[in-house]
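Reviewing the structure listed below.
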Amino acid sequence: MDRMTAAYDDFAGAYTDENETSLMNAYYERPATLALVGDAAGRRILDAGCGSGPLFAALREKGAVVTGFDQSAAMVEHARRRLGEDADLRVADLAEPLPFADAEFDDVVASLVLHYLRDWAPTLAEFRRVLKPGGRLVVCAWLSREQPNRLEVRHLLEPICREGRLPGMGTREDYEALAAGAGLTLRGFDDLSRQVRRTWSICLRRTLGKLVTDRAFRRLALARTTQNRSFLLSLPRLMIALRTGAMRYGIFVWEKP
C-alpha cells in the first residue's frame with residue numbers, strides 16, 4: 001500500500017474537503033454504515049482506515065468509544081485536528097498485524113479500504129482476532145461484477161484499478177469466501193450501487209467546477225508530480241462502470257461466532 005499511502009499523503013487536504021460534502025459519503029455510505037452499527041452507545045469500535053475522521057466523529061457522537069487508524073500520517077493529522085488531541089488515533093498498516101489486543105472491540109468498521117490490499121485474508125483474520133465474540137465487522141467496498149466481459153475488464157475495471165492504485169477489484173463472492181475462511185459469519189449484505197450511481201455525475205460536475213475556480217486544487221490535481229492526476233481523470237470511467245453494472249458498491253456485515 002506504499003504508493004496509495006503516498007497518494008493520500010499528497011492529497012490529504014483536498015480529499016478531506018471533498019469527503020465532507022461528497023454525496024456518496026454523506027448521504028449513502030456513512031448513514032448506511034451507522035444504521036448497520038445501530039445503537040453504538042458504550043460500544044468499543046475500531047475505525048480501520050479512518051482517513052480524516054468523519055465516520056469516527058459520527059460514531060463518537062452516537063456514544064461509541066472509538067479507536068481509529070490509517071496508514072497515511074497526513075490523514076491521521078487531519079483527523080486529529082478534527083477530533084481533538086485526546087482522540088485515540090494511530091498510524092498503522094492494514095497489511096500488518098494490528099496493534100491491538102485479542103477481543104478488544106465490539107465492532108470493526110472498514111470503509112473503502114480493503115480493496116487497496118493485495119491479500120485480504122490476513123487482514124480479515126486480524127479483524128476477527130480483535131473482535132469480541134459476537135462482535136461485528138462492517139465492510140464497505142467497491143466490487144466487480146461476477147464474471148465481467150472482456151470489454152468491461154479491458155476498458156473499465158483494469159484502467160480503474162490502475163488509475164486508483166488498486167491491486168485488483170474483488171467480487172461479492174470473493175469477499176464472502178475469504179471472510180468465511182477467516183471464521184466470520186455473514187449476517188447481511190446491502191447493495192447500494194443504484195443509489196451511489198446517481199451521485200457520480202454530480203461529483204464529476206463538482207470536480208470540473210473546482211478545476212475551473214479553485215487555483216490550488218487545479219495546481220495539485222493537474223501537476224505532473226501529483227500521484228492523483230490519473231485518478232481524477234478517471235471519473236468518467238467510474239461513472240460508466242457503475243451505470244453498466246461492471247462495478248458495484250456494497251456493505252457487508254459479518255459476525256465473530
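Rank the residues L156, L94, L186 as a footprinting-exposure proxy: fewest other Cβ atoms within 10 Å of their Cβ go first.
Values: L156 24, L94 21, L186 13.
Listed from fewest to most nearby Cβ atoms, that is L186, L94, L156.
Multiply the residue gap between R187 and R162 by 0.36 nm, knock off their C-alpha separation, and tell me the result in nm, one decimal place. All intermediate terms of the calculation are to be shown ahead of the outcome.
Numbers: separation 25, 0.36 × 25 = 9.00 nm, distance 3.20 nm.
Contour length minus Cα-Cα distance gives 5.8 nm.
Calculate the spin-label point distance for R150 paired with V91, positioning each point 7 Å from the Cα along the beta-carbon direction, and give it in nanometres.
About 4.6 nm separates the two model spin labels.
If I take R0 = 30 Å and measure r between the Cβ atoms of A101 and Q195 in this structure, what FRET efficiency does the formula 1/(1 + (r/R0)^6) give, to the nearest 0.05?
On the way: r = 37 Å, r/R0 = 1.24.
Taking R0 as 30 Å, the efficiency between A101 and Q195 is 0.20.
Since every read-out is calculated from the coordinates, none of them should be taken as a lab result. All values derive from a computational prediction rather than experimental measurement. Here the Cβ is made from the backbone with ideal geometry for all residues, glycine too, and neighbour counts use every protein chain on show.
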